[in-house]
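Read through the structure below, which is laid out as C-alpha cells, and then see the notes.
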Amino acid sequence: MPLSTHRTKKALGQHFLTDPAVVGRILAAIDPQPGDRLVEIGPGAGALTFPLLERHRRLTVIEFDRDLIQPLREAARGRGELELVHADVLAVDLAALAGEGPIRLVGNLPYNISSPILFHALGHLRVIRDMHFMLQKEVVQRMGAAPGSKEYGRLSVMLQVHCHVEPLFVVPPSAFRPPPRVDSAVVRLVPRPVHEVAVRNPAVLERVVKAAFAQRRKTLRNALAGTAPPALLEGLGIDPGWRAERLAVRDFVRLANALAETPPAASVQ
Ligand code: SAM
C-alpha cells in the first residue's frame, strides 16, 4: 500500500504534516551540514523524511508502525540512503546509532508519549549533538518555562539542567492530517557541555524535583518533608516557606548536590 493511502492511527499519535511551508521552516531550523548523523523519530508518511533525505542523502529513521516500513523503503528508492529501524523508540539504544559521531535527533513526535521520549533522549545526551522536535505547544512552553510561571515544573527543570531549550515557532492544527486538537510548536534542544552540568547524583536530583513539584501548592517544607530537612534548605539560602516554582534550576542542582553529600539518616526529617 503506498504511503499516500495509509490510514492514520490515533493510538500511535499519527498526525502527518501536510504543510510544505512548515516542513521548509523545520528544515531551515535543522540546517543539515555535510557529515551530520541525522536520526528521525517517527517518519510517518515521510513529510520530513524525504526532504531531509533529498537534501542530506543519508538518514536513519525509527518507526514503530509496521504498516509504514515497506512503503517508506519503497518511496526512498533513488532519493538517498535511508536506514529504517522498525522499533519502539523508547527501546532503542541511541548510543548504538551514534557510531561515528554524535547524532542530531529530529522528529514530529507522537504527542501521547512525548515526555517519555524526551526523558529517553536525556538518558543518551552524551551521544546527541542537538534535537529539533515538534510537540504540543503547551509541552514546549513547559520545557522552556522560567521560574515563577505556572508552566514551570519538573519537565522545565530536568530539561534545562541538561539542555539549552529554544522554542522556535508555533504550528496550527491545519498543518496536519488529521488536525490535532491542540496547537503545536517546534523546539531546539542543545545538550550543555558535560563540564557545565554539575549534578553530582542525577537520581537525587530527579527525586528532589519530583517531590518538590508533586503538589505545586505545598511549601518546600511540606513537599520535601522526608527528602530535605528545612535546616538544609535554609543553609543554602532557600526559604522553606517558598513553593517549588520559585526555585531556579541552579537552586535545584545545589539542593540535590547538598543532599547527595548528606548521609541518608541526616537528610530525612
Ligand atoms: N514525521 C511524520 C510527519 O511529520 O508527518 C509523522 C509524525 S506523527 C506525529 C508521529 C510518528 O511517530 C508516527 O509515524 C507514528 O507511527 C510514530 N510513532 C508513534 N509511536 C512511536 C514509537 N513508540 N516509536 C517510534 N515511532 C513511533
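Where a number appears in this text, it was derived from the coordinates with a stated rule and is not lab data. Please read these numbers as outputs of a predicted model, since none were measured by experiment. Reconstructed Cβ throughout: ideal geometry from the backbone, glycine too, with neighbour counts over all protein chains shown.
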**Study point:** Antiparallel DSSP beta bridges within the chain, percent to nearest 5
**Key:** 45 percent
Check your understanding: Once both axes come from the Cα atoms, what is the angle between helix 202-214 and the longest principal axis of the chain, in degrees from 0 to 90, rounded to 10?
Key -> 80 degrees
Practice item. Convert each backbone phi in region 94-105 into a coupling constant with the Karplus relation 6.51 cos²θ - 1.76 cosθ + 1.60 (shift: θ = phi - 60°), then list the ³J(HN,Hα) values in order as whole Hz, x for Gly and Pro. Key: 5, 4, 5, 6, 5, x, 6, x, x, 9, 10, 8
Study note, to complete from the structure: Any lysines whose Cα falls less than 19 Å from that of Lys210, other than same-chain ones fewer than 8 residues away, would be Lys150, Lys218
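Helix-only estimate, please: 222 nm mean residue ellipticity of the chain, summing -39500 (n - 2.57) across DSSP H runs of length 4 or more and dividing by its residues, to the nearest 500. Working shown, then result.
On the way: 12 runs with 101 residues, N = 269.
After summing the helix terms and dividing by the residues of the chain, the value is -10500 deg cm²/dmol.
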Review point. Cα centroid distance between region 114-163 and region 15-68, in Å?
Key: 21 Å
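In whole percent, what relative contact order does the chain give with Cα contacts below 8 Å and a gap of six or more residues? Walk me through the numbers before you get to the answer.
On the way: 440 pairs, mean separation 41.4, N = 269.
Once normalised by length, the contact order is 15 percent.
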Point to revise | Environment charge of Pro102, counting only residues whose C-beta is closer than 11 Å and scoring Lys/Arg +1, Asp/Glu -1 | key: +1
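Give, to the nearest whole percent, the P(r) tail of the chain beyond 27 angstrom, counting all Cα pairs. Please report the intermediate quantities before stating the final value.
Working: 15608 of 36046 pairs.
It works out to 43 percent of all Cα pairs.
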